[in-house]
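*Asks:* Following this message is one structure expressed as structure tokens.
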Amino acid sequence: MCGIVGFTGNNQAAPILLDGLSKLEYRGYDSAGIAVRNGEAETEVIKEKGKLKVLAEMTNDGKAVKGTCGIGHTRWATHGDPSAVNAHPHSSDDGNVIAVHNGIIENYQEQREKLIKKGYSFKSQTDTEVAVKLIDYYYKKYSNEPIEALSHAMMRIRGSYALCVMFKDYPGEIYCARKDSPMIIGIADDESYVASDVPAILKYTRKVYYIGNMEIAKLEKGNVIFYNIDSEIIEKPLTEIKWDAASAEKGGYEHFMLKEIHEQPKVIRDTVNSVVKDGIVHFDSVTLTDDEIKALDQVYIIACGSAYHVGMDLQYVIESLTSISVRVELASEFRYRDMKLKKNSLAIVISQSGETADSLAALRLAKDKGIKTLGIVNVVGSSIAREADNVFYTLAGPEISVATTKAYSCQLVAGYLLALQFAKTRDEIEDISYTKFLNEINTIPEKVEKILEDKVRLQWYSNKLVNISDAFFIGRGIDYAIGMEGSLKLKEISYIHSEAYAAGELKHGPISLIEDSTVVISVVTQDKLIEKTVSNMVEVKSRGAKVMAVTTVGNYFLEDTAEFVCYIPQIHSLFSGSLSVIPLQLISYYVSIGKGYDVDKPRNLAKSVTVE
Ligand code: M6R
């Protein structure tokens with residue numbers, strides 16, 4: 001969602017802020033702004049509706065704004081429409097306090113009314129302006145002391161925030177406060193950075209601090225001091241980000257999504273190799289004991305969007321390899337349901353960003369209910385990674401495209417490995433089968449490469465879909481789970497209405513939507529279910545549908561029913577999802593570019609959904 005960048009050092013701040021914000025564009029935004037300060041001089045605030053290039057033009061790429069300390073923001077509108085006045089930074093009435101903010105302040109109406117009674121006035125419709133004026137109120141009340149002002153404001157604010165604040169009396173310093181919104185602090189020689197996500201500062205430093213919930217940080221040139229809510233100084237460990245700067249660039253590809261699709265063989269291999277040593281899975285960071293794994297009789301997989309679809313696939317894998325029952329829950333539903341969680345259960349929360357608000361809330365709820373939690377997370381040091389009892393890091397590297405591809409694929413193999421290891425620990429799999437399955441998982445990267453070689457044919461087929469208005473994805477079992485992901489991919493970047501149905505459900509309603517030329521994409525890889533799904537394909541074809549199929553090499557008879565067939569290499573049907581999803585990713589990519597859309601930054605969407 002919104003993006004934050006801050007810098008203080010010896011270099012000019014504005015070009016660094018604009019550059020950092022450009023690396024956060026993928027998060028989604030509709031206006032942008034910067035505030036830069038040159039020593040004791042007045043702070044200059046420039047903000048406008050629209051893309052960053054507007055800001056770059058207004059400031060001659062930042063060169064027209066002088067100063068070595070500043071904060072910048074890209075805003076994804078929540079309170080108030082996208083406009084210059086609602087864009088951040090926001091200032092106190094006297095300009096003494098200037099801030100940018102990510103998150104949502106839930107009690108902003110109540111605080112706004114109190115502040116109005118105290119003589120404050122408001123220019124914008126935002127919750128952020130309320131936070132700024134609340135900080136200003138406490139700043140004046142507590143003898144112009146920034147840490148006191150922030151900690152008192154934090155005690156009054158309900159909701160989530162990553163706040164970066166500059167105070168007129170403290171040139172060269174940036175104050176940050178955080179609760180439930182991502183924010184990292186980077187450090188280099190004589191320079192300090194703050195950002196809502198790693199790519200913004202990766203070019204400048206890999207040394208970062210993670211600021212915790214309800215903590216405050218004071219940034220000076222090359223130095224950071226952390227405080228708790230009681231204004232006491234606290235120590236934080238310095239961590240090194242392993243991602244290299246090039247991995248957050250397009251590397252010759254036209255779009256991040258295409259690059260990330262092509263990175264899949266490597267990142268799947270990296271994720272597998274991170275835990276498989278000498279033919280055995282070693283989960284160093286998963287501290288569940290063998291006895292705890294043996295006692296498990298229920299797993300809850302909780303996630304949002306594509307990560308939820310990973311859970312939909314994994315339920316078949318875990319239930320097939322072990323005697324553990326699995327429930328897959330949307331985090332946004334789970335958190336507000338009064339579910340009776342079983343005692344011997346494990347909540348697996350899957351999240352690329354590790355910051356999705358609903359997933360984080362669901363994780364906390366599971367912990368409150370006393371069950372063990374495990375995060376499958378991509379972003380190191382993210383909230384879910386830090387708060388889960390156990391964490392399995394996927395090694396997808398930075399994923400910039402809003403539509404997830406490589407993180408999804410890494411989550412899937414991470415889940416296979418967990419399932420396999422659970423089965424082994426519980427003595428539910430023979431050694432020979434364990435080794436056979438592990439060998440199958442090891443073949444996934446090269447098989448994905450093979451599918452990518454067929455992309456020209458997929459591009460040709462995708463061009464036929466550019467003008468369709470509806471698509472249906474059908475499949476059974478794992479194929480249904482993959483259809484759900486294919487359908488989401490298509491709709492989120494091509495804006496084509498699409499739905500996924502369990503093929504057996506067609507006759508219970510959706511088949512009435514099938515008419516001449518309706519596109520039906522069927523995923524048909526589960527040996528035991530092929531005939532059943534083919535019957536459904538025939539049923540829709542006889543009602544005029546144009547049918548496409550993704551199936552395994554050898555199932556050539558599908559060409560009798562489907563007008564286009566994409567073949568994936570042979571693999572054990574439990575792991576076919578890792579292969580069948582690839583053509584669906586490519587199709588949605590090619591349809592989106594065929595329609596001329598901004599494939600990496602689809603409208604209304606944000607990469608990391610940090611508010612409800
Ligand atoms: O960061 P997370 O994995 O928690 O994100 C979950 C969803 O927001 C995400 O998968 C979303 O559905 C993507 N846009 C799908 O491509």
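The values are calculated or read from the model by the stated rules, or taken from the named source; none is laboratory data. Quantities reported herein were computed from a predicted structural model and do not represent experimental measurements. Here the Cβ positions follow ideal geometry from the backbone for every residue, glycine too, while neighbour counts run over all protein chains shown. What goes into the accessible areas is simple: the full protein's heavy atoms, side chains included, and nothing from ligands, DNA or RNA. Shrake-Rupley method; radii C 1.70, N 1.55, O 1.52, S 1.80 Å.
*Asks:* Can you tell me how many residues within the range 347-357 are buried (at least 24 other Cβ atoms within 10 Å of the Cβ) and more than 8 Å from the ligand (Cβ to nearest atom)?
*Replies:* Qualifying residue count, the range 347-357: 3.
Conditions (1) closer than 21 Å to K277 by Cβ; (2) not hydrophobic (A, V, I, L, M, F, W, C), marked per residue:
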| site | (1), (2) |
| --- | --- |
| V391 | yes, no |
| A403 | no, no |
| V413 | yes, no |
| I429 | yes, no |
| N439 | yes, yes |
| E485 | no, yes |
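*Asks:* Consider A403 against the criteria (1) more than 15 Å from the ligand (Cβ to nearest atom); (2) buried (at least 16 other Cβ atoms within 10 Å of the Cβ); (3) under 22 Å from C566 (Cβ atoms): it satisfies all of them except one. Which criterion is unmet?
*Replies:* Checking A403 against (1) more than 15 Å from the ligand (Cβ to nearest atom); (2) buried (at least 16 other Cβ atoms within 10 Å of the Cβ); (3) under 22 Å from C566 (Cβ atoms), the one that fails is (1).
*Asks:* Turning to a different aspect of this structure: Mind telling me which of the residues G186, G251 ends up being free of Cβ contacts under 8 Å to residues at least 24 places away in the same chain and surrounded by 18 or more Cβ atoms within 10 Å (Cβ to Cβ)? Talk me through it step by step, then tell me what you get.
*Replies:* Values: G251 fails: surrounded by 18 or more Cβ atoms within 10 Å (Cβ to Cβ).
From the options G186, G251, the qualifying one is G186.
For every residue, the table says whether it meets (1) within 26 Å of G311 (Cβ to Cβ); (2) open to solvent by 10 Å² or more (accessible area, probe 1.4 Å).
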| residue | (1), (2) |
| --- | --- |
| V553 | no, yes |
| E559 | no, yes |
| F575 | yes, no |
| G594 | no, yes |
| Y597 | no, yes |
| N604 | yes, yes |
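Conditions (1) modelled with pLDDT of 95 or more; (2) in the same structural domain as I105 (by TED's automatic domain parsing); (3) under 24 Å from E44 (Cβ atoms), marked per residue:
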position	(1), (2), (3)
F122	no, yes, yes
T128	no, yes, yes
I147	yes, yes, no
A153	yes, yes, no
F167	yes, yes, yes
Y175	yes, yes, yes
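*Asks:* State all residues of the range 79-104 that are part of a loop (DSSP other than H, G, I, E, B) and crowded, with 16+ Cβ neighbours inside 10 Å; if no residue qualifies, say none.
*Replies:* Hits for the range 79-104 are H79, G80, S83, N86, A87, H88, P89, S92, N96, G103, I104.
*Asks:* Moving on to the next point. Would you pick out the residues in the range 105-126 that are in a loop (DSSP other than H, G, I, E, B) and closer than 28 Å to P171 by Cα?
*Replies:* The answer is K118, G119, Y120, S121, F122, K123, S124, T126.
*Asks:* In addition: Considering E515, E559, which residue is over 21 Å from I478 (Cβ atoms), in a loop (DSSP other than H, G, I, E, B) and not basic (K, R)?
*Replies:* Working: E559 fails: in a loop (DSSP other than H, G, I, E, B).
One residue alone meets the criteria, E515.
*Asks:* Give the range 269-279 a look and list any residue that's touching a Leu at 6+ places or on another chain (Cβ under 8 Å), open to solvent by 20 Å² or more (accessible area, probe 1.4 Å) and not in a loop (DSSP other than H, G, I, E, B), or say none.
*Replies:* D270, V276
*Asks:* Quick one: in the range 139-166, which of the residues that are in contact with an Asp or Glu (Cβ under 7 Å, 6 or more places away or on another chain) and either under 14 Å from V97 (Cα atoms) or free of Cβ contacts under 8 Å to residues at least 60 places away in the same chain (or both) is least open to solvent (accessible area, probe 1.4 Å)?
*Replies:* Looking at residues that are in contact with an Asp or Glu (Cβ under 7 Å, 6 or more places away or on another chain) and either under 14 Å from V97 (Cα atoms) or free of Cβ contacts under 8 Å to residues at least 60 places away in the same chain (or both), I get G159.
*Asks:* For the range 250-296, how many residues are closer than 28 Å to A403 by Cα, acidic (D, E) and more than 16 Å from the ligand (Cβ to nearest atom)?
*Replies:* Counting residues in the range 250-296 that are closer than 28 Å to A403 by Cα, acidic (D, E) and more than 16 Å from the ligand (Cβ to nearest atom) gives 2.
*Asks:* May I pose another question? Only one of V299, V310 is farther than 27 Å from F473 by Cα, open to solvent by less than 10 Å² (accessible area, probe 1.4 Å) and either within 16 Å of the ligand (Cβ to nearest atom) or part of a strand (DSSP E or B) (or both); which?
*Replies:* V299
*Asks:* Continuing with this model, one more query. I301 is checked against (1) under 18 Å from the mean Cα position of the chain (by Cα); (2) without any contact (Cβ under 8 Å) to a residue 24 or more places away in the chain and fails just one. What number does that condition carry?
*Replies:* Evaluating I301 over (1) under 18 Å from the mean Cα position of the chain (by Cα); (2) without any contact (Cβ under 8 Å) to a residue 24 or more places away in the chain leaves (2) as the failure.
*Asks:* Could you please tell me which pairs satisfy a Cβ distance under 7 Å, a separation of 6+ or placement on different chains, a first residue in the range 54-72 that is more than 13 Å from Q12 (Cα to Cα), and a second residue that is open to solvent by 50 Å² or more (accessible area, probe 1.4 Å) and not hydrophobic (A, V, I, L, M, F, W, C)?
*Replies:* Partner pairs satisfying both residue conditions: V54/E48; L55/E48; M58/E48.
*Asks:* Can you pull out every residue in the range 155-175 that is under 19 Å from I233 (Cα atoms) and touching a helix residue (DSSP H, G or I) at 6+ places or on another chain (Cβ under 9 Å)?
*Replies:* L163, V165, Y170, E173, Y175
*Asks:* May I ask you to say which residue of E492, E440, E499 is over 26 Å from Y590 (Cβ atoms) and open to solvent by less than 60 Å² (accessible area, probe 1.4 Å)? Spell out the reasoning first.
*Replies:* Working: E492 fails: over 26 Å from Y590 (Cβ atoms); E499 fails: over 26 Å from Y590 (Cβ atoms).
Only one candidate qualifies: E440.
*Asks:* From the list V45, V36, exactly one residue is open to solvent by less than 20 Å² (accessible area, probe 1.4 Å), at negative phi and either of a type outside the set (K, R) or at pLDDT 90 or above (or both). Which is it?
*Replies:* From the options V45, V36, the qualifying one is V36.
*Asks:* Quick test of your reading of the structure: V349 fulfils all but one of (1) in contact (Cβ under 8 Å) with a residue 24 or more places away in the chain; (2) over 23 Å from K406 (Cα atoms). Name the failing condition by number.
*Replies:* (2)
*Asks:* Mind counting the residues in the range 387-399 that are in contact with a Lys or Arg (Cβ under 8 Å, 6 or more places away or on another chain), away from the ligand (no atom under 12 Å from the Cβ) and open to solvent by less than 10 Å² (accessible area, probe 1.4 Å)?
*Replies:* 1
*Asks:* Then there's this: Starting from residues that are more than 16 Å from the ligand (Cβ to nearest atom) and without any contact (Cβ under 8 Å) to a residue 24 or more places away in the chain, keep the ones in the range 316-338 and report whichever is surrounded by the fewest Cβ atoms within 10 Å (Cβ to Cβ).
*Replies:* This residue is D338.
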